[in-house]
1. Mind checking which aspartates and glutamates have their C-alpha under 13 Å from LYS241, skipping anything on the same chain fewer than 8 residues away?
2. Give, to the nearest whole percent, the P(r) tail of the chain beyond 29 angstrom, counting all Cα pairs.
3. At 7 Å along Cα-to-Cβ for each site, give me the label-to-label distance between HIS56 and ARG428 in nm.
4. Relative to the longest principal Cα axis of the chain, at what angle does helix 392-408 sit, 0 to 90 degrees, rounded to 10?
5. Report in % the part of the accessible area of the chain that belongs to carbon and sulfur, leaving out ligands and nucleic acids; probe 1.4 Å.
6. What percent antiparallel are the DSSP beta bridges of the chain, to the nearest 5?
7. Can you give me the relative contact order of the chain as a percent, contacts being Cα pairs under 8 Å and 6 or more apart?
8. Mind checking which of HIS143, LEU422, GLY393 is farthest towards the positive end of the chain's charge dipole, using Cβ charges of +1 (Lys, Arg) and -1 (Asp, Glu) about the Cα centre?
Amino acid sequence: MIASAEKPWTRRPAIQLKVRTILNQIQPHAGFVFHDIRLWSRRGQPERIEITVRAHAGMKRRCSRCQRPAPGYDQLEERAWQHVPLWGIRVWFRYAPRRVECPEHGVVVEHLPWNEGKRMLTTAMMGFLARWARGLSWGETAHIFQVSWEAVYRSVEWFVAWGLAHRELKGIESIGVDEIHWGRGLRAKNFLTVLYQIDAPCRRLLFVGKGRSQRTLRQGLKALGPEVVRGLSFVCSDMWKPYLKVMAAQAGQALHVLDRFHITMHLNQAVDQVRRAESVRLRAASKAAAHQLKHTRWALLRRGSRVRGRARQKLNALLASKLQTARAWELKEAFTHFWKYRSVPWAGAFLDSWCYRAMRSRLEPMKKVARMLRTHEELLLNWFRAKGEISAGAVEGLNNKIRVVTRRSYGFRTFEAMEIALYHTLGRLPEPESTHKYC
Ligand SMILES: [Zn+2]
């Protein structure tokens, strides 16, 4: 099947014995033997290793559905499976599967321990590719191991499906709900809803769904199952209304917390809006005035205490000015104090005074944030009621990691491929058992 199209070959069976010994050590298949091992060369270069597999004469064949012994029926044509490369040389298994007549399942293909369905790769190879594809991009993995992108995709898909089917959803106390922007545009299809577990001992992605509607989140909670949802103590999210609604309806017993990470994001966005509007205005007035705001975006969005060096000088000069951007930044920076409180009433009092200040700032984006915070005051104060049970770092960390994957997989185009990539890298899924991991 593979050999016919390619010439010229030279046969070199010299290494047969040694390779078989190694294979029997690391990849034993009960009921089958490595019959013949050949290294094929092309123009003097080793090209591939072919391992012919035979059924063990004394062992009964088994049904692929139930794995119980069954009488033989007939034999199919020889097939080839790509296996994990040895010394960088591609390896193929060759075997002519037999069919059995199972009393329960009728005439089916026999059970082959290295095979899964109609795939062209051995399960060991799929696991090998999937493990590499966690650190490398799928394209890089395909390139390095001389397989198609599709082969890597299917391997990861198989790996993830196995992991999802075997994962345990016990002991989940805190979850985060988040929306992730994906692709271009701001339509519903460009958003994903993700659920992650944010308990200190286990932080992982639990669910990815298309869109950010109530329906998406309901699907996610359904995927976790009613037992998990009823057992939740803390839910952490942004102020997105559909999420708040669904969570209140389905996990009312859990303390809903608006987390620091998302609030900071809203404040930063508001500062940026003020800066952009002002920059446009100043440019219309004079070039010199507009210069003050140039290249300040990054410094403005960082936490004040973390801006150093030349960026600090520039920021200080900006703050000394009477610009709106400076006032917006000061408001944002003042809000960091909020998170230092321990008592709910004091935090509440601070929130009131901050919102009062923001409402009088005549900066529309800042006023908008203040209104939003006031509306959700109770959920915001839940942060202090949770008494440090929720880690702001956990939400931010997972959010950032998800962004790295979605950006890397921008080329995936389909939601399905990205969904698989996200579960694969962040789901902490159990892995299919195989005799040897190869990597
Ligand atoms: Zn059967």
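1. Within reach: ASP178, GLU179.
2. The answer is 61 percent, as a whole percent.
3. It is 3.9 nm.
4. Taking Cα atoms only, the helix is inclined about 60 degrees.
5. Solvent-exposed carbon and sulfur of the chain make up 53 percent of the total.
6. Percentage antiparallel, nearest 5: 75.
7. Once normalised by length, the contact order is 13 percent.
8. GLY393
The values are calculated or read from the model by the stated rules, or taken from the named source; none is laboratory data. Note that the structure is predicted; figures quoted are calculated from it, not measured. Because the Cβ atoms are built from the backbone with ideal geometry, glycine has one as well, and the counts that use them run over all protein chains shown. These area figures cover heavy atoms from the full protein model, side chains too; ligands, DNA and RNA do not enter into them. Shrake-Rupley method; radii C 1.70, N 1.55, O 1.52, S 1.80 Å.
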